[in-house]
Amino acid sequence: MARRRRRPLVPGSQPALDQLKATVMKKQGYDADIENPNDVKFEVAEEVNVPLKKGYNGHLTSHQAGKVGGQIGGSMVKELVRMAQERLKNNNQ
């Protein structure tokens, strides 16, 4: 099966998303590197007992993959919502 390459909808936004991921995960106590923000998924996987390894992970169930990706993506979404609320609050003052 061919591997999909997920790309952001807005061209050129990947570096900002990578920085957000690293910043959010560092705030949560993970050892996130701005140069390699995707490596934090291995630390999260270890914490939630998911056998994630580099390369092909077709043996993982969708539940296991969601435990890792959901924790990272969910944290990013919460931070984006918090940032938007803060901007709205500042614009109304």
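Readers should treat all values here as calculations from the given coordinates under stated rules, not as data from a laboratory. Note that the structure is a prediction, hence the values are computed from the model and not measured. With ideal geometry, Cβ positions are generated from the backbone for all residues, glycine too; neighbour counts draw on all protein chains shown.
Enumerate lysine pairs in the chain that are 8 or more residues apart or on different chains, then count those whose Cα atoms are under 19 Å apart. Step by step, the pairs that qualify in the chain add up to 18.
When the Cα positions of ILE72, VAL24, ASN92 are compared along the charge dipole of the chain, ASN92 comes out farthest toward the positive end, with charges on each C-beta of Lys, Arg, Asp and Glu. Here the Karplus curve 6.51 cos²θ - 1.76 cosθ + 1.60, taken at θ = phi - 60°, turns the phi angles of the range 46-54 into couplings of 4, 5, 9, 6, 10, x, 7, 9, 5 Hz, with x standing for Gly and Pro. Taking other C-beta atoms within 10 angstrom as a stand-in for reagent exposure, LEU20, LEU80 fall in the order LEU80, LEU20, fewest first.
I need TYR56, TYR30 ordered by Cβ neighbour count within 10 Å, fewest first. With the sparsest Cβ surroundings first, the list reads TYR56, TYR30.
The relative contact order of the chain comes to 21 percent, based on Cα pairs under 8 Å that sit 6 or more residues apart.
Note on the chain: with charges restricted to the Cβ of Lys and Arg (+1) and Asp and Glu (-1), its dipole about the Cα centre is near 460 debye.
Can you compute the helix-only [θ] at 222 nm over the chain? Use -39500 (n - 2.57) per DSSP H run of at least 4 residues, normalise by all residues, nearest 500 deg cm²/dmol.
-19000 deg cm²/dmol
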